[in-house]
Amino acid sequence: MAESYQALLERAVNDLLAAFEVNAPPIPVEVMLQRPKPDMWQRVNLSELSAAFVNVRERYSPRMSIARLLVRYVCRSEWGAVRQLAQFQGDEQAVRIFARTLLMPRSLLEILPESNRNPVTVSYRFEVPEDEARVRLIELGYSVKSN
């Protein structure tokens, strides 16, 4: 994904965080889906989701599934269209990148002390699977030691 796409996603995530008054991890993606602000998307009842939808491989895998669902709603909404996010609809790789960006925003990762910018700590603080934390840190250019 081109740098300009990543910048676009970061701006959209910052707008979402501001709209929902989020200033610390973990990002409340479940609340965002269920209680959208006016002119965003239709409210989602998470109890209606099938078990097959939610990935439960790891402790925080369900949050990644919920984040991807939220990203799909955002991209299809008027709110998302205004922010040029409609282009990501149907692009599963872009949805995954957007979901990681949403759950681990650059702005909140940069607040962490450098010594805490590692997959284990990020996984714990942001409530995301460790492998997703590793990918996100690499996307942002952080040096990540392999296990």
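Read-outs throughout are calculated quantities, based only on the coordinates presented, and are distinct from any laboratory measurement. Note that the coordinates shown come from a computational prediction; the quantities given were computed from them, not determined experimentally. Methodologically, a virtual Cβ is constructed for each residue, glycine included, from the backbone with ideal geometry; neighbour enumeration extends over all protein chains shown.
For this structure, a couple of remarks:
- Here the dipole of the chain is about 160 debye; that uses its Cα centre as origin and unit charges on the Cβ of Lys and Arg (positive) and Asp and Glu (negative).
- Positive-end residue of Gln34, Pro113, Leu102, charge dipole of the chain with Cβ unit charges: Gln34
- Compared with the dominant Cα axis of the chain, that is its longest principal axis, helix 92-103 is turned about 70°.
- With respect to the chain, whose longest principal axis is taken over its alpha-carbon atoms, helix 61-76 is tilted by about 50°.
- Relative contact order %, the chain, counting alpha carbon pairs below 8 Å whose residues are six or more apart: 25 percent
- Between 0 and 90°, nearest 10: helix 3-19 axis offset from the chain longest Cα axis: 70 degrees
- Label point distance in nm, Ala81-Gln42, each placed 7 Å from Cα along Cα→Cβ: 1.5 nm
- Label selected from (1) 3.70; (2) 1.00; (3) 1.08, the criterion being Cα Rg over 2.2 N^0.38 Å as computed here: (2)
- Contour minus Cα-Cα distance for Gln89 and Glu10 (0.36 nm per residue): 26.8 nm
- Separation of alpha-carbon centers, region 1-37 and region 115-147, rounded to whole Å: 18 Å
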